[in-house]
Each structure stands twice: as structure tokens, then as C-alpha cells.
Amino acid sequence: MSSLDSSETKRLVDPYSSDKFFSFDRRYTWFKYAPPGYLLYVRQDRLLARPFDARSLQFTGDLLPVPLGLEGQLWTFPWVSENGTLCYGGNMEPDSNINTPQVKKFDRRGKEIEIIGPPGNYFDMDLSRDGTRLALEEPRPTNTEGDIWILDLHRGIKTRFTEPASKTWNYCPRWSPDESRILFSSSRDGSSEQPDSSYGNLYLKASSGEGIEEALLKSKQMKYLLDWSRDGCYVLYESQIQTPEQESELWALPLLGDRKPFLFLQSAGHARLSPDGRWVAYVSPEQVSPDETVSNLYVRSFPSGEGKWRITSKGGYHPQWRGDGKELFYNTFVNLAEEKDLYLMSVEVKPGSTFQLGPPRALFENANLSPINGPDQYSYAVSPDGQYFYILVRQPPSSAQIHVVLNWTADLPRK
């Protein structure tokens, strides 16, 4: 948080700390100041409030549940007026799957082809190289623990991949080149006192789900796994620097030789390697004016990092390559200022000794292309031939009401 009268920034919450009120949580959360002195916080579709002094920028009490009297889902973030009136939207069907993501298959025109498998609170996905299975990240009901599941796209059957463990969130699954294994990030070592303890250590397991989970990389870095090269020689991951700006870095882990990770790019993330391993598409923030920063899509050679080709100028996110490397997909907002009209885009990549690309083309609009909970997570996957897209689609509430609470602080728990 920062003051409008000062450039100084102060971190209120470290999501990777052992703070009992704000522990590691992969669910994207919202914070909002509410008069007369609270910071509102949403977790597990429930509203919480913590007493907060806006002058000193300090918490002054414990986290408190806000009794809304709602048994279903909280599907809009509440708004609070100066006179203590709180307004929010809620799902009136607590046992339904409304607003829960569902895997749906679309063609290149955006036409829905089929619904695949059961709905679930999925965060991230990765498609196997042969296009038959999806690895899905799904939290447990606590939303402080999560597991990885495998969805068979032909049969629509979902199978557990990682076993549930206390205080563990397994996330960012990525298939090995031969599909025999799955690599993923895990929070299991975050609370240990070992020198290599981290909430993002990388673990490996047979894609059949059998056998033990073996550590591939353990270090102090917070790691979000991004990609595994087709030749099996490199793994890419994103690491956040623990600064108020939470700047991201792009790291590469060689799987041959000394296996020592190296910094590939600063201020970069959302990276995907081309099928031939020669290029990496990534997203990097760019300040276009004193008050505006835009995340654009670029391509560089890999692993040298030489050359730099701009793909977008008005925002681009979550690149994906076609199986033969001749097409690059990404999503972007046509109306960037208001983050509206989210489109799936396509760029032809021409083969050759240097990187050559054609003009961008809009394939179709789909608001669900936006990540559900965080920028390192993918809400869509591309079939190997580039003809179909698997998207996590949220169903809008069909039975909901807008609720108004007068003097909302009156019912907060008192000590």
C-alpha cells in the first residue's frame, strides 16, 4: 500500500510468510479498505475484515469473519459506503456448480464443441503433447491446499495425480516431452527450516500417478513452473523477487551437466518455449506513460537470449505455440483501458534461420481466457494441430441477488 502524497510503498501482507492470518494461498484474493477502519479480504468465497489504521498503515487487530448470512458463493466483491452500508452479490444455490470452471472445447471460430469432464475449481491447466489429457490444478475446500488431477479428454474422466498432504499446495503442472512424467511446483517445503526451503520447489512424478514424488530443484526461490522443452534439456520457471514491486524473473534450469539454474531475463514471465527449443515467447511490462504500464508479448532466441521481437504493443498475455511451431497464440484486451473484449489472437511464424512472423489475427472473443486466479496460471490450452482450444469456462450465476447490509460492522465478533 502507498499514499497518494508519497512515492513510498509499504508491504502489508507477504503471501509466502508464516503469518497465521495470511498464509500461502494460490487463490487470487482482493483487498479493499472500508470505513471506518478495516481491510476487507476475500478467501474461500467468504468475506473477512481486519482492523486497520490508514494513517500508520498498520493492522490493529485480528482477522474477523463478516457474517453475511449467505450460504452460497460470494460472486462479487463488496462495496462499502462512508456511512457503513455494504453491498454485495451472492449465489443463492449453495450446492450448485454455478460460477465453477468447466473444461469446454472450442474451434478456431469460437464455437463451443463439447463440455468435457466434471466442473471443478480449476486454477491452471497443461495439455499433454499428444493432446489427449489435461493436467489440472484444483484446490481443496480450505483453499490453502491444492492438488493436481488428470482429465482424460476422450472419456471425460478425472483422476487424482498428487496425493493430499497437510499444508501442501501442488501447482503449475507441466508434462514431460515423452508424457511419462509430470513436473510441478509444490509448497510442501515452505515451512521447513532447511536452507533450501521454499514454497515453490519443483517435484517430479510418473504421469501414471504411481511411485514417489522426487525433488528436481530445491532452492530458496519462490518458483512458478512454466515449461519443459521438447528435447528435455531445459525447464523454465518464473521467480518473484521479494520487493514491494514483486518483480518477476525468468529462470532456466538445464537438465544436463551441473543442473545449475541461470537467470535468463529480468522483468519477464508467462514464458513458453517453441517446439524446436530455439525461441521463447514471454511477457514483460513496459511503461508507456508516467501513469500506465502495459504487459506486452515478446520473443527471444533461446538459450542465448539474443535478439528481441515485439509481438504486441497494446498488451499480450499467456503465449502458446502450435505443435509444429508455425503459429503462436496469445490473448489480449481490445479495450485495454477497461480490460474488456478479451480475444484469442494468432500470429503465423515463418520457418527460417531467423525469427519471422506474420500480422496478428483475432480468432474469437472469450472472457474466460483471462486467468482465473493469477498471472502464472493458464485458463486455456491449444490442441497440437492448433485447430481446437480447451478453455476453463465459468458459468454466470443464474439465480442470484444483490444484498445490502446497513451498519455492517455491528455484527462483527467482539472480544
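Quickly run through segment 135-189 and pick out the residues that are over 16 Å from the mean Cα position of the chain (by Cα) and of a type in the set (Gly, Ala, Ser).
Listed by number, the residues that qualify are Gly156, Ala165, Ser166, Ser176, Ser180.
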Within segment 394-407, is there a residue that is modelled with pLDDT of 85 or more, surrounded by 16 or more Cβ atoms within 10 Å (Cβ to Cβ) and either under 30 Å from Pro119 (Cα atoms) or out of contact with any strand residue (DSSP E or B) (no Cβ under 7 Å at 6 or more places or on another chain) (or both)? no
Can Gln221 be described as surrounded by fewer than 20 Cβ atoms within 10 Å (Cβ to Cβ), polar (S, T, N, Q) and either at pLDDT below 95 or not in a strand (DSSP E or B) (or both)? no
Whichever residue in segment 166-186 is among the small types (Gly, Ala, Ser) and over 15 Å from Gln377 (Cβ atoms) and, among such residues, is surrounded by the fewest Cβ atoms within 10 Å (Cβ to Cβ): Ser166
For segment 68-107 the number of residues that are modelled with pLDDT of 80 or more, outside any strand (DSSP E or B) and surrounded by 14 or more Cβ atoms within 10 Å (Cβ to Cβ) is 3
Consider only pairs whose beta carbons are under 6 Å apart and that are at least six residues apart or on different chains; among these, list those whose first residue lies in segment 129-142 and is farther than 17 Å from Arg160 by Cβ and whose second residue is of a type in the set (A, V, I, L, M) and buried (at least 18 other Cβ atoms within 10 Å of the Cβ). Thr132/Leu153
Any idea which residue in segment 224-237 is surrounded by the fewest Cβ atoms within 10 Å (Cβ to Cβ), counting only those that are under 18 Å from Ser180 (Cβ atoms) and not charged (D, E, K, R)? Gly232
Over segment 108-141, the set of residues of a type outside the set (S, T, N, Q), more than 18 Å from Glu179 (Cβ to Cβ) and part of a loop (DSSP other than H, G, I, E, B) is Arg108, Arg109, Gly110, Lys111, Gly117, Pro118, Pro119, Gly120, Tyr122, Phe123, Arg140, Pro141
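Report those strands (runs of 3 or more DSSP E) wholly inside segment 284-345 carrying at least 3 residues which are at pLDDT below 90.
Details: elements: 292-301, 317-321, 327-335.
In segment 284-345, 292-301, 327-335 are the strands (runs of 3 or more DSSP E) which contain 3 or more residues that are at pLDDT below 90.
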Using the structure shown, decide if Gly61 is touching a Lys or Arg at 6+ places or on another chain (Cβ under 9 Å), assigned to a loop (DSSP other than H, G, I, E, B) and either buried (at least 16 other Cβ atoms within 10 Å of the Cβ) or at pLDDT 60 or above (or both). yes
Using the structure shown, decide if Gln240 is of a type outside the set (Phe, Trp, Tyr), at pLDDT below 95 and surrounded by fewer than 19 Cβ atoms within 10 Å (Cβ to Cβ). no
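The values are calculated or read from the model by the stated rules, or taken from the named source; none is laboratory data. In this text the structure is predicted, and so the values were computed from the model without any measurement. Neighbour counts run over all protein chains shown; Cβ positions are idealised from the backbone, glycine included.
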